[in-house]
Amino acid sequence: MTRGQFASLLDRAFTREEGISVIGGYVYRGAAVPEMVGRYFYADYLGGWIRTFLYEDGEVTEHYDWSRAVELNRNVWSFGKDGHGEIYVLARRSVLKIVPR
């Protein structure tokens, strides 16, 4: 996928009014949360939210806003991924791992 295709994909995931400072993330490929496999995690620094979507057959589907489910209380700066496909969220002075509840 080219940068232009990826930008177009994100344009379909949220509107410019919703996202002011969007932080790109990763597609979840880990084993800790099997129901999340294939979902793309991203956030908005100023908006203080984390969201996911699934990209299937050229379409953005299954949007989910985790803002209510996760007490973030801080701005997301970046994402990281380990060698097992688990995703981490860098938020202020914290590194948070995506794990099941």
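Any read-out appearing in this document is the output of simple, stated calculations on the displayed coordinates, not a laboratory observation. In this text, all values refer to a predicted model and were calculated from it rather than measured experimentally. All Cβ positions, glycine included, derive from the backbone under ideal geometry; neighbour counts span all protein chains shown.
Before moving on, here are some points about what is shown:
- Dipole axis of the stretch 47-101 (+1 Lys, Arg; -1 Asp, Glu on Cβ), positive-most option in Asn75, Trp49, Ile87: Asn75
- Count Lys and Arg as plus one, Asp and Glu as minus one, and take only other residues whose Cβ is under 9 Å from that of Arg74; the net charge is then +2.
- Theoretical gain in end-to-end length, Val37 to Ser94 [0.36 nm per residue, Cα-Cα removed]: 18.1 nm
- Residues whose amide H comes within less than 5 Å of that of Ser78, counting only those at least five positions distant or on another chain, are Leu90 (H built at 1.01 Å from N in the peptide plane).
- Given their separation in residues at 0.36 nm each and the Cα-Cα distance between them, Glu62 and Tyr45 gain 3.9 nm when the chain is fully extended.
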